Amino acid sequence: MNSAVARSGSAAAEINRLHEEAIQCCHASNEQLHAALTAAWQAGRLLLTQKKRVRRKMGPGAWLLWLEANFAGSIRTAQRYMKLARKVTGVTFLREFSLRQVYARLGISTEPKSPGRQRLVHRLPEHVVHANKLLRALKHRSHDPGAEQDEAYRRDLRPLFEHLRSWFDASEGQNIAAALRSYRVP
């Protein structure tokens, strides 16, 4: 019985020691969270000041070039820091919150938390890019373009049509292929 009580006492002592360590780590963590928030806010204030200076000296188009050349973070991170600095006059009342929690409370969007994953970069095939450009041009063309402009559109659409023809020459696509062959720019 004595050994059970001794083990119980040492277990209780270890539990209490670990509890105290958890409390200390929690306090240290809160201090680090606040330090991170303060650093982001200060960086945002400096970025806002620098943005005004760069735009005044080099013009509005120079800001992103300056940012890419001089800021170690992403453009989105710089934008979030600047929004934080614009929306918050001081960070003292934000104690106990993480940077992510503050962003959420202020309505500043963030990317999902996934450190090892990169965004998928999906590139459209070249013929799709050209088709989109041509469709935009057709949509915005004048109401009475004239025969010369119509012929130019047909010349531009011909390579796209030839590229896509094989897709529509299958038995189920005969009607579409016939419609495309007779396509005339309105």
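All of the numbers you see were taken from the coordinates with simple rules; none came from a lab. Quick caveat, the model's predicted, so the values are computed rather than measured. Note: ideal-geometry Cβ built from the backbone for every residue, glycine included; neighbour counts use all protein chains shown.
Using the average count of surrounding beta-carbon atoms within 10 Å as a protection proxy, the listed peptides 54-60, 13-19 rank, highest first, as 54-60, 13-19.
Length gained on full extension, Glu162 to Leu65: 30.9 nm, using 0.36 nm per residue less the C-alpha separation. For segment 16-106, just say rounded, prolate or oblate: build the C-alpha gyration tensor, square-root its eigenvalues into a ≥ b ≥ c, call rounded for a/c under 1.5, and beyond that prolate if a/b exceeds b/c, oblate if not. The shape class here is prolate.
Given their separation in residues at 0.36 nm each and the Cα-Cα distance between them, Ala39 and Ser98 gain 20.0 nm when the chain is fully extended.
Loop-located chymotrypsin sites (Phe, Trp or Tyr not before Pro) in segment 29-114 (DSSP state not H, G, I, E or B) with no more than 16 neighbouring Cβ atoms inside 10 Å: Phe71.
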